Amino acid sequence: MLKLITMFFIIFTSVYAECLVTTNEEIANKIAHGHAWINHSSEFEEKKRIANLEMPETLKIANPEEFQNHISTIMITKAPKIIPGNRKVYWDDNTGTIVFYDPYSNDCGTAFRPNDGKQYYERVLKRKESEKDRSKTEAHQNRILEQHSNQKYQPSANLTSKARETNIFQ
């Protein structure tokens, strides 16, 4: 029942969702206390083997706070890759953990151990921007522009240059 309520909340709020925190520690906190823990906590059990990679015995993740520390460590020590939708993705070879930062999500993203390990991460990096990604980006930039300048954002082929012109997104 809790999963059903959580999924309804995520779907219902995703239309106007956005991550309102900015530091890696705050983002890790939101991810760890969001749907990632509810849906993926069992993947981080001691000695759990996924994609032929066992969780290290030295890494104990038994609650959202320990999950937050794990996510935060990955975000601080691993270089992010930018993916469509203005999102960032991090990969940890030691644990087979992927972390997504999504500025358009109330819980700021997710973290889990994909069943096919690093191959999943590599597929994510090859994905092209979808129409859904573009519309989320445009809607988000519209809200920010309206808050700061009462201007309406006009979608363009190059969102980055439009963002640079307004100087709000730098």
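Give the residue list of GluC sites (Glu not before Pro) in segment 39-85 that are DSSP loop and have at most 14 other beta-carbon atoms within 10 angstrom. Here the sparse-neighbourhood loop sites are 45, 46, 57.
Count Lys and Arg as plus one, Asp and Glu as minus one, and take only other residues whose Cβ is under 11 Å from that of residue 114; the net charge is then 0.
Computed with every protein chain present, the accessible area of residue 123 is close to 110 Å² [probe 1.4 Å]. At 1.4 Å probe size, with no ligands or nucleic acids counted, give the accessible surface of residue 58 in Å², nearest ten. Surface accessible to solvent at residue 58 totals approximately 130 Å².
Accessible surface computed residue by residue for segment 51-116, with neighbouring protein chains in place and a 1.4 Å probe, gives 44 Å² per residue. With every protein chain present, what accessible area does residue 37 have (1.4 Å probe, heavy atoms only), rounded to the nearest 10 Å²? Near enough 50 Å² of accessible area. Of the residues 42, 105, the one with the largest accessible area comes first in the ranking 42, 105, computed with a 1.4 Å probe on protein heavy atoms.
The values are calculated or read from the model by the stated rules, or taken from the named source; none is laboratory data. Not measured: the values here are computed from a predicted model. Using ideal geometry, Cβ is built from the backbone for each residue, glycine included, and neighbour counts are taken over all protein chains shown. For the accessible areas, the whole protein counts, side chains as well, though only heavy atoms, and no ligand, DNA or RNA atoms are used. Shrake-Rupley method; radii C 1.70, N 1.55, O 1.52, S 1.80 Å.
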